[in-house]
Structures are given as structure tokens and as C-alpha cells.
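Worksheet: one structure, shown below.
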Amino acid sequence: MPLHRLASITIGVPEPEGVRAFYRDFGLAETEPGRFETADGGEQLRIERAPRRRLLALAVGVDGADDLGRAAAALAELGVEAERSALSLGATEPVSGVRVTLAVEPRLEQKPPPLLALNAPGRSPRLDARSPAVLSAAPARPRKLSHVVIASPDAAASRRFFADGIGFRLSDEVPAIGASFMRCSSDHHNLLVQPAPVPFLHHTAWEMDDVDAVGRAAAAMVGADASRHVWGLGRHGIGSNYFWYLRDPAGNFAEYSSDLDVIVEEEAWRVAASSPAHPLAAWGPPVPREFLAPPDVVALAQGG
Ligand SMILES: [Fe+2]
């Protein structure tokens with residue numbers, strides 16, 4: 001596909017200092033005030049001051065100038081204005097106000113982690129040795145930005161912008177509640193748009209080596225400040241990924257994620273329309289109420 005990566009996001013928050021400290025603890029490297037790098041993906045997060053917490057911008061990597069032309073024509077058909085330069089294209093999603101940039105850039109190559117030998121009934125590849133998972137003391141760092149989840153008061157219009165205009169592909173959906181899982185890479189989802197009375201950023205997700213890295217990183221975060229814990233450890237039904245969600249001081253959820261489904265052959269993947277009865281998780285602790293309805297968003301929707 002011509003879109004090949006979720007390159008970066010910009011989050012606005014009222015008080016950036018505490019939020020920046022959170023993402024440093026989370027394992028991102030702050031190279032300049034408010035600018036953060038992952039281990040593999042380069043600069044992928046910016047934190048800026050804004051009147052209330054929200055996703056300000058996201059950037060997508062594309063293969064070539066042809067892809068910019070295709071997106072410009074598709075956006076024009078939707079009646080959305082776009083600014084074009086030789087190597088980039090910018091447009092604002094009308095409902096959520098998120099600024100989206102497409103930029104021609106190289107594809108991301110990632111070096112795989114060492115293969116972990118996992119013993120199982122009838123299969124013991126690790127003999128006479130302790131698992132490296134219990135010996136590792138190194139802090140687990142996010143390898144790259146995985147996905148971002150936004151809520152939109154007109155989720156159908158937001159989906160049209162991202163899918164029909166920008167060129168995201170649909171991976172799965174929950175039609176009864178109007179939620180769409182979309183990708184701009186081979187990852188099962190880089191963007192989820194879900195309906196809500198007011199637009200807001202629900203969470204960002206960060207790719208870890210494996211489930212041990214998810215557990216080790218999240219346990220360190222919660223060990224330092226138990227109030228950061230939101231939901232985990234679990235495994236999602238849609239996308240199959242392990243998850244553990246934390247809360248940053250502004251109220252955005254931040255997810256450690258691993259083992260997300262990967263889609264490389266469009267024809268081999270069947271988009272599944274899940275019913276709302278489909279559990280949010282294949283397994284995990286009960287879903288906390290604040291995950292479904294963040295308290296500040298409920299107050300905002302009620303005019304508070
Ligand atoms: Fe997620």
C-alpha cells in the first residue's frame with residue numbers, strides 16, 4: 001500500500017510539564033523539550049500546550065509523490081481543502097480538527113528482538129535454563145508508535161476523511177456503535193475512530209517487543225505511581241494485541257502493546273464486522289468504567 005507508516009502525533013495538553021515527565025518514564029526519549037523519540041521510529045511524539053487535551057496532529061509516511069496526488073484528488077472530491085508541496089500534503093479533518101500530514105519518507109525497517117524460547121506442553125525448546133524474560137533487568141522501551149484512537153461526534157464523516165480521502169484501509173469495524181479500525185501500514189490498526197458527543201483523544205499505543213516487555217514496562221510505571229494504572233494486562237479481541245493501559249497526568253490513556261495482527265495481503269484478510277457484544281478483550285480484568293467514559297469527557301459533554 002502506498003501509505004506505509006504512522007510517522008508521528010502531536011498531543012495538546014493544558015500543562016505539558018507533568019505530561020512530559022510521564023512520557024519520559026514511559027520509555028520515550030525526550031530529545032528536546034516536548035519532542036520524543038521511540039527506539040526504532042525516530043521522533044514520534046510532540047507534546048504542546050493547548051486549552052484542553054486533544055490530538056492536534058498526525059503524520060503518515062507515503063512512498064512517493066503519486067500518493068500525494070491521489071490523496072489530494074480524493075480529498076477534493078470530499079470537498080476538503082489540502083495544501084500540497086513537492087514532498088508533502090496537509091489537510092485538516094473537519095470534525096475533530098486533527099491536522100493530518102502525508103510526507104514522502106522511507107519505510108521503517110525494524111530489527112527483530114531475539115527469539116524467546118517458550119516451553120509448552122509437549123514442546124520444550126528451553127532446557128536446563130531460566131527464561132531470559134526473568135533475567136532481563138533492562139527497562140523495556142517502546143519500539144515505535146503503534147496506533148492512536150480518537151472520538152468524533154460524526155464518526156462516519158471522520159472515517160470518510162481518513163479512508164476515502166487520506167487512503168487508510170479498513171481492517172475491522174463495529175457497525176452497531178460506528179467504530180472503525182483503520183491502517184496506514186501493515187499493522188492491523190494505526191487509527192481507530194469511535195463515536196462520542198465531543199471529539200477527544202482516547203489513547204495512544206506503543207509497540208513493545210513482546211508480552212514480557214509490556215508487563216515489565218507497565219509494572220515499573222505502576223510501581224512508581226499506582227494511580228497511573230487503568231486496565232491490563234489483557235489481550236484484545238480485535239487486533240489480537242496484548243495491552244496494558246496507563247493514564248498520563250492530562251487524562252490521555254497510553255497503551256503498551258505487542259503482538260498486533262499484521263496484514264500484508266489485502267485479499268487474505270477478511271474485514272470482520274463485530275457485534276457490540278464482542279468483548280473488548282479476549283481476556284483481561286473487567287473493563288474499568290473510566291476506559292469507556294473518561295470522567296473529563298463526560299463533564300465536557302455535559303457542558304461542564
Ligand atoms: Fe489500543
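Results, tabulated for the structure shown:
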| item | result |
| --- | --- |
| Among Leu108, Leu118, Leu233: highest mean-square fluctuation, GNM of the chain, C-alpha pairs under 10 Å | Leu118 |
| Leu55 accessible area, assembled protein chains, probe 1.4 Å, Å² | 10 Å² |
| Cα-based Rg and Dmax for segment 39-107, where Dmax is the largest Cα-Cα distance (Å) | 13.3, 38 |
| Nearest-20 debye value, segment 72-167 charge dipole, Cβ charges on Lys, Arg, Asp, Glu | 720 debye |
| Top of Gly18, Gly27, Gly239 by mean-square fluctuation, Gaussian network on the chain, Cα under 10 Å | Gly18 |
| Folded to 0 to 90 degrees: helix 16-26 orientation relative to the chain principal axis, Cα | 40 degrees |
| Given 15 as the ceiling on other Cβ atoms within 10 Å, longest exposed-site-free region of the chain for GluC sites (Glu not before Pro) in DSSP loops | 110-264 |
| Mean shadow area of segment 116-236 over all directions, Cα convex hull, nm² | 10.5 nm² |
| Value of Rg to Rh for the chain (Rh from inverse mean 1/r over Cα pairs, i.e. Kirkwood) | 0.96 |
| Probe 1.4 Å, accessible area per residue of segment 1-86, Å² | 45 Å² |
| Taking the chain and dividing mean pair separation by its residue count, relative contact order in percent (alpha carbons under 8 Å, at least six apart) | 17 percent |
| Estimated [θ] at 222 nm from DSSP helical runs (n ≥ 4, -39500 (n - 2.57)) normalised by residues in the chain, nearest 500 | -5000 deg cm²/dmol |
| Restricting segment 222-304 to trypsin sites (Lys or Arg not before Pro) in coil, as DSSP defines it, with at most 13 other Cβ within 10 Å | Arg270 |
| Fraction in percent of alpha-carbon pairs per bin - 10 Å, segment 79-179 | 10, 27, 22, 18, 16, 6, 0 |
| Taking segment 88-162 and dividing mean pair separation by its residue count, relative contact order in percent (alpha carbons under 8 Å, at least six apart) | 32 percent |
| Cleavage-rule hits, trypsin sites (Lys or Arg not before Pro), segment 104-181, DSSP coil, Cβ neighbours within 10 Å at most 16 | Arg107, Arg126, Arg130 |
| Translational D in µm²/s for segment 191-304 (Stokes-Einstein at 25 °C, 0.890 mPa s, Kirkwood Rh from C-alpha pairs) | 159 µm²/s |
| GNM top mover of Ser124, Ser186, Ser146 - the chain, alpha-carbon springs below 10 Å | Ser124 |
| Portion, in percent, of the accessible area of the chain that falls on carbon or sulfur, probe 1.4 Å | 54 percent |
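The values are calculated or read from the model by the stated rules, or taken from the named source; none is laboratory data. Since this is a predicted model, take the numbers as computed values, not measurements. Cβ: placed from backbone, ideal geometry, glycine included. Neighbour counts: every protein chain shown. Only protein heavy atoms, including side chains, enter the accessible area calculation; ligands, DNA and RNA are left aside. Shrake-Rupley method; radii C 1.70, N 1.55, O 1.52, S 1.80 Å.
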